[in-house]
Amino acid sequence: MHIVGQSTIATEWGADSEYGLLRDVLVCPPDNFRWLPTSPITEQTLADGHRFDPDLARRQHAEMVSCYEEQGVRCHYLEADPALPYQVFSRDSSAATPSGAVSLQPQQPWRRGEQVRAAAFYRDAGLPLRAEITAGSIEGGDVMIVEPGCLLIGTCEARTTEAGARQLGGWFEEEGWEVRIEPFPARYVHIDVLTAVLAEKTAALCTDVVSTSLVTWFREKGFEILTVPEQEAFTLGVNAISLGGGRVLSASGATSLNAAMRAVGLTVSEVDLSMFTLGGGGPHCLAQALRRERTAR
């Protein structure tokens, strides 16, 4: 199944990197969001007695949307389904390819069905939906287009399984892409809790947790690595999203990462997203790229 090459349906939608200029993004209103024990992160939040404030969550999400719009990014919206409280993390139900999207397959019972709403969005908007995962499970927080021709997929089995990763990765490999499937501890939920591609040849990694071979892999590709400590990764301190052009949207709580990005010349837009980071997701989790300008021509 060929899903990666340029489509005759639409050559402008999709992405070939994590850092191309972001033009369109998919988000979901937080109307039904609430904290559930979906991961060790939210289990710790609930155990610590934090209080969820739905009004604050709506204000924080609106601030994030305003930040995108101020940076010239057009926001598109999933239909919020009352049965899907974690649908607000729109990264997980689909993944970008250079010719459109792939519908994914979330693992947990309270997230199953998110891909149905995502697929409906693509169909209704007339955007290319190239394929659907049918093997195992895979969530978008584990899918990272490191650079043109290179895909990283994280697996912890609690969310993305090897079967799902290999199905998606196999489609990219058919097109000649390098695909790395990277196991990591299930405590961290998704690979984007531990890794972020922030700009061309610039990445953030929690080097205390990821494998030494993954760090070496990035370095051999010429990446400058910004190191974030493990305790901050667990609070979504790595989970930033590139806007392209040396600009990054990050949570205000990601203090180490934000300082490190500014130190290497990146422009950082900080948004308070505490209601979401305490619930297990940050800026990268809250949006799926629909259209990035190509970095390989």
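The values are calculated or read from the model by the stated rules, or taken from the named source; none is laboratory data. Since we're looking at a predicted model, the values are computed, not measured. Don't worry about glycine lacking a Cβ; one is built from the backbone with ideal geometry, like all the others, and counts go over all protein chains shown. The area values use the complete protein model at the heavy-atom level, side chains included, leaving out ligands, DNA and RNA. Shrake-Rupley method; radii C 1.70, N 1.55, O 1.52, S 1.80 Å.
A simple charge model with +1 on the Cβ of Lys and Arg, -1 on the Cβ of Asp and Glu and nothing else charged puts the dipole of region 10-115 at about 200 debye relative to its Cα centre. If you average 1/r across every pair of different Cα atoms in the chain and take the reciprocal, what Kirkwood value do you get, in Å? Final number for the Kirkwood radius of the chain is 18.6 Å.
Convex hull volume of the Cα atoms in region 139-188, per residue, in Å³?
Working: hull volume 3.0 nm³, N = 50.
Roughly 59 Å³ of hull volume per residue.
If Lys and Arg each add +1 and Asp and Glu each add -1, what is the summed charge of the other residues whose beta carbon sits under 13 Å from the beta carbon of residue 212?
Details: positive: 219; negative: 182, 208, 220.
Overall, the nearby charge balance is -2.
Rounded to the nearest angstrom and ordered from largest down, what semi-axes does the equivalent ellipsoid of region 1-115 get from its C-alpha gyration tensor (root of 5λ)? Kindly include the intermediate steps, with their values, before the conclusion.
Numbers: eigenvalues 168, 68, 29 Å².
Values for region 1-115, descending: 29, 18, 12 Å.
Simple rule: put +1 on each Lys or Arg Cβ and -1 on each Asp or Glu Cβ in the chain, find the dipole, and look at 89, 193, 77; the Cα lying farthest toward the positive end is 77.
The accessible area of residue 232, taken with all protein chains in place and a 1.4 Å probe, comes to roughly 40 Å².
Would you mind classifying region 208-276 by shape? Square roots of the alpha carbon gyration tensor eigenvalues, ordered a ≥ b ≥ c; an a/c under 1.5 is rounded, otherwise it is prolate if a/b is larger than b/c and oblate if not. Note, shape of region 208-276 comes out oblate.
Gyration tensor over the Cα atoms of region 36-89: the corresponding equivalent ellipsoid has semi-axes (square roots of 5 times the eigenvalues, largest first) of 25, 14, 10 Å.
Can you tell me the dipole magnitude for the chain around its Cα centre, using point charges on the Cβ only (Lys, Arg +1; Asp, Glu -1), in Debye to the nearest 20?
Working: 25 positive and 38 negative charges, 56 e Å.
Around 260 debye, computed over the chain.
Restricted to Cα atoms, region 156-297 shows a radius of gyration and a Dmax of 15.0, 41 angstrom.
When Rg and the Kirkwood radius Rh are both evaluated on Cα atoms of region 165-219, their ratio Rg/Rh stands at 0.98.
Close amide-amide hydrogen proximity is noted between residue 24 and 74, 290, 291, each under 5 Å apart and 5 or more residues distant or on a separate chain (H modeled in the peptide plane; Pro and chain starts excluded).
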